[in-house]
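The values are calculated or read from the model by the stated rules, or taken from the named source; none is laboratory data. Bear in mind that the values here come from a model prediction, so they are computed numbers and not experimental data. Quick reminder, even Gly has a Cβ in these numbers, built from the backbone with ideal geometry, and neighbours come from all protein chains shown. SASA here: full protein model, heavy atoms, side chains in, ligands and nucleic acids out. Shrake-Rupley method; radii C 1.70, N 1.55, O 1.52, S 1.80 Å.
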Amino acid sequence: GEIIRIFAQSKMVYVTTANGEYKLRERLYEMEEKLKNLPFVRISNSEIVNLKMIERMDTGKTGTIQMYLAGGIVTYVSRRYIPKIKQALGTEKRWR
């Protein structure tokens, strides 16, 4: 419940919580498999987020989609993952 996001960077996988950032031994696809029945969704090739930690999403002028998470974290959604995110949220969210 404390996990905000899990992401890959420089061939390493990290988890961000309210208490800090930690390195994981698992690969991102392994974490995705472990979390498949929990409120997590993959938003790009390198990131999985906790649906409960999403504060809002906005589209930028260039068509990029910014996702604002708890703790002031701003990340970006890959367009190819939008249908997966909408399905996970269970609704057609309005993009601003």
State the extension gain, in nm to one decimal, for the chain segment bounded by Glu21 and Glu2, taking 0.36 nm per residue of separation less the distance between their alpha-carbons.
5.7 nm
If you compute Rg/Rh (Cα atoms, Kirkwood Rh) for the structure shown, which of (i) 0.97; (ii) 0.94; (iii) 1.11 do you land on?
(ii)
Dipole of the chain (Lys/Arg Cβ +1, Asp/Glu Cβ -1, origin at the Cα centre): which of Val77, Thr62, Val41 lies farthest to the positive side?
Thr62
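Compute the signed sum of charges (Lys and Arg +1, Asp and Glu -1) over the other residues within less than 13 Å, Cβ to Cβ, of Lys52. Please list the in-between numbers first.
On the way: positive: Arg5; negative: Glu2, Glu55.
My count for the surroundings of Lys52 gives -1.
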Under unit Cβ charges (Lys, Arg +1; Asp, Glu -1), what dipole magnitude, rounded to 20 debye, does the chain have relative to its Cα centre?
340 debye
Counting only heavy atoms of the protein chains, get the accessible area per residue of region 29-96 (1.4 Å probe) and round it to a whole Å² value.
65 Å²
Testing the spin-label approximation: label points 7 Å from Cα along Cα→Cβ at Tyr68 and Glu55. State their distance in nm.
0.6 nm
